[in-house]
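A.B. asks: Please find one structure pasted underneath; my questions will follow.
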Amino acid sequence: MIDLCLKNCKLVPENGNCSIGIENGKIVSITKIPPKSEKLIDIKGNPVLPGLIDSHVHFRDPGLTYKEDFKTGSLAAAAGGFTTVMDMPNTKPQTNTKKAFLEKLEIARKKSIVDFKLHAGINDLEQIRPVAELNPASFKIFMDLYDNSFLMEAFKQISKLPQKQIITVHAEDKNITNYCTRMEKNRMIEVPEIYAKARPPVSEVIAVSAVIALGGFYDQKLHICHVSTKKSLQLINHAKISGQNITSEISPHHLFLDNSYFHKCGNFVKTNPPIRDDENKLDMSCLKEIDIIGTDHAPHTVEEKKRNVWESLPGIPNLETALPLLLTRVNENKIGFKDIKRLLCRGPAEIFNLSNKGKIEEGMDADFVILDMKKEYVINPDDFKTKAKYSPFEGFKVKGTPIMTIVRGKVVMENGEFFENKGKLVSEHHKK
Ligand code: NCD
Ligand code: ZN
């Protein structure tokens with residue numbers, strides 16, 4: 001007798017109706033006839049995907065918990081069908097020392113209802129080695145904040161570590177963004193769209209080409225976060241074809257929005273890198289050339305967002321809108337379930353070496369999101385579980401939504417109701 005059986009699951013896009021047997025939080029069988037189990041959940045023929053993995057969230061815990069904390073962030077994840085999140089290091093203190101990393105791990109263990117990994121920051125080069133021993137998801141580099149000399153030192157050290165590490169990159173050039181920001185501030189035209197000029201496409205393109213050069217020189221695995229321009233994606237894919245170890249990520253706002261949204265929702269759409277114009281922007285047609293979607297869930301308070309263009313803080317909460325927006329495109333036949341599985345399940349699991357996650361197969365963690373593909377609603381930030389009750393997607397009509405989220409065999413969300421769970425640090429298997 002096993003612990004749990006999910007019967008009448010529709011595995012998509014395969015179409016097969018099956019039962020999934022679960023024991024000790026792992027998938028132990030996928031069969032036509034439901035196995036005998038202590039607990040039985042009838043999925044009623046609804047589509048079942050592997051639990052989504054978000055490689056890019058900012059949960060603000062510790063230090064900035066008025067914006068979000070690991071509890072509310074993980075509730076937002078569960079609401080959006082995500083069962084694993086990877087938290088970024090720009091908290092207070094930053095996650096760039098062994099001490100801060102261990103403290104954040106404790107917080108996540110106490111509060112998170114979904115599984116997690118932590119990205120590490122870099123400040124003191126001496127801390128790279130001790131932090132690497134704690135198996136961070138990656139070392140994150142904010143190129144908009146560092147000089148080339150520091151980047152060189154960091155690459156030199158990280159590439160020499162005994163256990164291979166990934167460098168995740170926020171690719172905007174520090175000099176160019178600082179220069180263009182100064183220029184735009186001097187013009188004294190305070191409208192939201194000016195922000196796109198203060199951090200222009202070329203700033204990303206220069207940063208991407210510089211980091212490709214660094215990665216190539218030091219033979220270092222790279223993952224480029226929130227790619228926002230066609231030119232950058234071309235550079236990344238060219239490097240990839242030439243044999244470099246490099247992957248790309250796109251965020252929902254760069255996929256679904258263009259710079260007309262500065263008019264429609266002001267600084268609520270302000271984010272780094274900014275939303276691009278038609279000439280530069282990526283869109284759904286580029287999805288096949290991109291490795292993964294990372295939400296860059298970056299919550300702030302409404303007050304922090306409503307300040308003027310320069311004072312308003314950059315960042316958009318995306319955990320609860322990403323999947324419904326994508327399912328809407330599935331309903332429109334613009335993309336398929338297989339794209340969602342590649343971009344949000346298998347892709348992130350492969351890049352970040354989560355060998356027990358991202359697939360519905362025997363032996364994998366029993367992480368699932370169950371979908372209602374017929375449900376239609378209008379996005380309303382008041383319904384969000386995140387503390388950040390704003391969204392540039394407010395008012396968007398969507399069709400398709402997660403109705404149940406299961407983490408290692410435990411239901412954490414069902415029809416908008418949430419249940420306690422102890423999220424776990426995703427254990428490390430040996431990196432390639
Ligand atoms: C991020 C945040 O708020 O932490 N904001 C954002 O606009 N993406 C930080 C960052 O990536 O610059
Ligand atoms: Zn970033």
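The values are calculated or read from the model by the stated rules, or taken from the named source; none is laboratory data. Please read these numbers as outputs of a predicted model, since none were measured by experiment. Backbone-built Cβ (ideal geometry, glycine too); neighbour counts: all protein chains shown. The protein model used for the area step is the full one, side chains on, heavy atoms only, and it has no ligands, DNA or RNA in it. Shrake-Rupley method; radii C 1.70, N 1.55, O 1.52, S 1.80 Å.
A.B. asks: Hey, could you check the range 255-274 for residues that are more than 17 Å from Leu323 (Cα to Cα), in a loop (DSSP other than H, G, I, E, B) and away from ligand 2 (no atom under 14 Å from the Cβ) and say which is most open to solvent (accessible area, probe 1.4 Å)?
C.D. replies: Here is the first cut: in the range 255-274, the residues more than 17 Å from Leu323 (Cα to Cα) are 258-274.
Narrowing further to those that are in a loop (DSSP other than H, G, I, E, B): 258-260, 270-274.
Narrowing the set further to residues that are away from ligand 2 (no atom under 14 Å from the Cβ) leaves 258-260.
Values: Asp258: 42, Asn259: 62, Ser260: 39 Å².
Checking each candidate, the answer is Asn259.
A.B. asks: Can Met404 be described as under 26 Å from Lys71 (Cα atoms), part of a strand (DSSP E or B), open to solvent by 10 Å² or more (accessible area, probe 1.4 Å) and of a type in the set (A, V, I, L, M, F, W, C)?
C.D. replies: Values: under 26 Å from Lys71 (Cα atoms): yes; part of a strand (DSSP E or B): yes; open to solvent by 10 Å² or more (accessible area, probe 1.4 Å): yes; of a type in the set (A, V, I, L, M, F, W, C): yes.
So Met404 passes the test.
A.B. asks: When the residues of the range 174-206 are narrowed to those that are under 20 Å from Glu279 (Cα atoms) and part of a loop (DSSP other than H, G, I, E, B), which ends up nearest to ligand 1 (Cβ to nearest atom)?
C.D. replies: It comes out as Arg199.
A.B. asks: Against the definition (within 16 Å of ligand 1 (Cβ to nearest atom) and of a type outside the set (Val, Ile, Thr)), how does Pro299 come out, yes or no?
C.D. replies: Yes: the conditions hold for Pro299.
A.B. asks: Just one of Asp87, Asp124, Asp144, Asp115 is of a type outside the set (Phe, Trp, Tyr) and out of contact with any strand residue (DSSP E or B) (no Cβ under 8 Å at 6 or more places or on another chain); which is it?
C.D. replies: Checking each option against the conditions leaves just Asp124.
A.B. asks: Look at the range 374-395 and say how many of its residues are hydroxyl-bearing (Ser, Thr, Tyr) and in contact with an Asp or Glu (Cβ under 7 Å, 6 or more places away or on another chain).
C.D. replies: Matching residues across the range 374-395 total 1.
A.B. asks: In this structure, does Leu325 turn out to be modelled with pLDDT of 95 or more and away from ligand 2 (no atom under 16 Å from the Cβ)?
C.D. replies: Yes.
A.B. asks: Identify the residue in the range 199-246 that is away from ligand 2 (no atom under 16 Å from the Cβ) and basic (Lys, Arg) and, among all such residues, is least open to solvent (accessible area, probe 1.4 Å).
C.D. replies: Lys221
A.B. asks: OK, next. Does any residue in the range 242-264 that is within 16 Å of ligand 1 (Cβ to nearest atom) come within less than 6 Å, Cβ to Cβ, of a residue that is in a helix (DSSP H, G or I) and open to solvent by 10 Å² or more (accessible area, probe 1.4 Å) six or more places away or on a different chain, and which pairs are these?
C.D. replies: Note: pairs meeting the criteria are Asn259/Ala196.
A.B. asks: Using the structure shown, decide if Thr84 is surrounded by 21 or more Cβ atoms within 10 Å (Cβ to Cβ), among the hydroxyl-bearing types (Ser, Thr, Tyr) and within 16 Å of ligand 1 (Cβ to nearest atom).
C.D. replies: Taking the combined requirement at face value, the residue does not satisfy it.
A.B. asks: Working only within the range 277-312, note down all residues that are within 15 Å of His254 (Cα to Cα) and either of a type in the set (Gly, Ala, Ser) or within 15 Å of ligand 2 (Cβ to nearest atom) (or both).
C.D. replies: Ser285, Ile292, Ile293, Gly294, Thr295, Asp296, His297, Ala298
A.B. asks: Just wondering, is there one or more residues in the range 127-147 that are closer than 23 Å to Val85 by Cα, in contact with an Asp or Glu (Cβ under 8 Å, 6 or more places away or on another chain) and more than 16 Å from ligand 2 (Cβ to nearest atom)?
C.D. replies: The answer is yes; a qualifying residue exists.
A.B. asks: Let me ask something additional. Might you let me know whether the range 38-52 holds any residue that is among the polar types (S, T, N, Q) and either touching a Gly at 6+ places or on another chain (Cβ under 7 Å) or closer than 25 Å to Ser251 by Cβ (or both)?
C.D. replies: Checked against the condition, which is being among the polar types (S, T, N, Q) and either touching a Gly at 6+ places or on another chain (Cβ under 7 Å) or closer than 25 Å to Ser251 by Cβ (or both), the range 38-52 yields no hits at all.
A.B. asks: Cβ-Cβ below 8 Å, separation at least six or inter-chain, first residue in the range 1-17 and at negative phi, second open to solvent by 60 Å² or more (accessible area, probe 1.4 Å) and of a type in the set (S, T, N, Q): which pairs?
C.D. replies: Asp3/Asn24; Cys9/Asn17; Lys10/Asn17
A.B. asks: Those residues that are touching a residue at least 40 places away in the same chain (Cβ under 8 Å) and either open to solvent by 10 Å² or more (accessible area, probe 1.4 Å) or among the aromatic types (Phe, Trp, Tyr) (or both), I need them from the range 310-327; list them, please.
C.D. replies: Result: Trp310, Leu313, Pro314, Glu320.
Residue by residue, here is whether (1) surrounded by fewer than 24 Cβ atoms within 10 Å (Cβ to Cβ); (2) hydroxyl-bearing (Ser, Thr, Tyr); (3) more than 16 Å from ligand 2 (Cβ to nearest atom); (4) on the phi < 0 side of the Ramachandran plot holds:
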site: Leu52; (1), (2), (3), (4): no, no, yes, yes
site: Thr65; (1), (2), (3), (4): yes, yes, yes, yes
site: Thr72; (1), (2), (3), (4): yes, yes, yes, yes
site: Ala78; (1), (2), (3), (4): no, no, yes, yes
site: Pro93; (1), (2), (3), (4): yes, no, yes, yes
